[in-house]
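Read through the structure below, which is laid out as structure tokens, and then see the notes.
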Amino acid sequence: MKYLSRITLSIFTVILCAFLSSCGDNLSKKQIISLVVENEAFLTECVNNGGADQALELYGVQSVDTARDGAYIVFDCGGSGFGSSTNYCGFYYSPDDIPQLAGHMTSEDSLTTDGSGYGYRQPDGDNRYYTERIVNNWFYFEAHY
């Protein structure tokens, strides 16, 4: 009986860990859009003064990264999922106000019109990306793997 209880507890622990690791810590699309709209002046000042990392003080912004070529600055707002069902979301600043394949994607392929924004789908895989303008120079993004 003790042996069966240990097995049951072990199985429960594994299932609980798997469930918790697949839970997300990201803001919703609506929350991200509100975050940018409500803090647009502060965020723009941060990027124009070279202090984009100051945005980390805003609730939901988890990391800030600048593209090597300076084409955009990404503000990650978390992710969720596990393995091949992982997704990330956030927003980015595009100085030229051009939608970018920003964040976690590395493809040089171009974006195509997709609903209210622009998208990319990996031709031979399940990776996909979506972005849409929030306000001038600021875009929402989500990347799915």
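Read the figures in this text as sums done on the coordinates, not as results from a lab. Keep in mind it's a predicted model, so treat the numbers as computed, not measured. Here the Cβ positions follow ideal geometry from the backbone for every residue, glycine too, while neighbour counts run over all protein chains shown.
Quick rundown of the values:
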read-out	value
Distance in nm between pseudo-label sites at Ala71 and Asn39 (7 Å out along the Cβ direction from Cα)	2.6
Size of electric dipole in segment 27-144: Cβ of Lys, Arg +1 and of Asp, Glu -1, about Cα centre, debye, nearest 20	280
FRET efficiency for Gln31 and Asp124, using Cβ-Cβ distance with R0 set to 35 Å, rounded to 0.05	0.60
Spin-label model distance (nm) - Ser80 vs Ser63, 7 Å beyond Cα toward Cβ	2.0
Viscosity 0.890 mPa s, 25 °C: Kirkwood-radius Stokes-Einstein D of segment 27-144 over Cα pairs, µm²/s	171
Net +/- balance of residues flanking Asn137 in space, Cβ distance below 10 Å, scoring K and R +1, D and E -1	-2
